Amino acid sequence: MPAHFLVEVETTNADLMAEYRKHTPGLVARFGGRFTVRGGATETVEGDWRPQRIVFIEFPDMAALKDFYG
């Protein structure tokens, strides 16, 4: 059963983030993950959450997600 990893990103250093982005696709793929959402406009329809950027990654299962995160 797939497992999903949701990340809220706030970029404070654009140069460092650009370097980080070069490495994340390979790292995510190494654990069987794939990006399903990566940035884009957001709209809050309820509550106070106002994310600057979100990333949503799908992994084959929770074990793969935990291996990635750990």
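The values are calculated or read from the model by the stated rules, or taken from the named source; none is laboratory data. Nothing here was measured: the structure is a model prediction, and the numbers come from that model. Note that we place each Cβ from the backbone using ideal geometry, even for glycine, and neighbour counts take in every protein chain shown. When the accessible area is computed, the model is the full protein with side chains, heavy atoms only, and any ligands, DNA or RNA have been set aside. Shrake-Rupley method; radii C 1.70, N 1.55, O 1.52, S 1.80 Å.
Data for the structure
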read-out	value
Test: residue in segment 8-30 that is in a loop (DSSP other than H, G, I, E, B), at pLDDT 95 or above and surrounded by 12 or more Cβ atoms within 10 Å (Cβ to Cβ)	no
Near pairs, Cβ below 9 angstrom, 6+ apart or cross-chain, from segment 59-70 (on the phi < 0 side of the Ramachandran plot) to any residue that is among the basic types (Lys, Arg) and outside any loop (DSSP other than H, G, I, E, B)	59/34; 59/66; 68/30
Flag for residue 64 being assigned to a helix (DSSP H, G or I) and loosely packed, with under 14 Cβ neighbours inside 10 Å	no
Leading residue by the ranking (nearest to residue 10 (Cα to Cα)) among those in segment 38-61 that are assigned to a strand (DSSP E or B) and open to solvent by 60 Å² or more (accessible area, probe 1.4 Å)	38
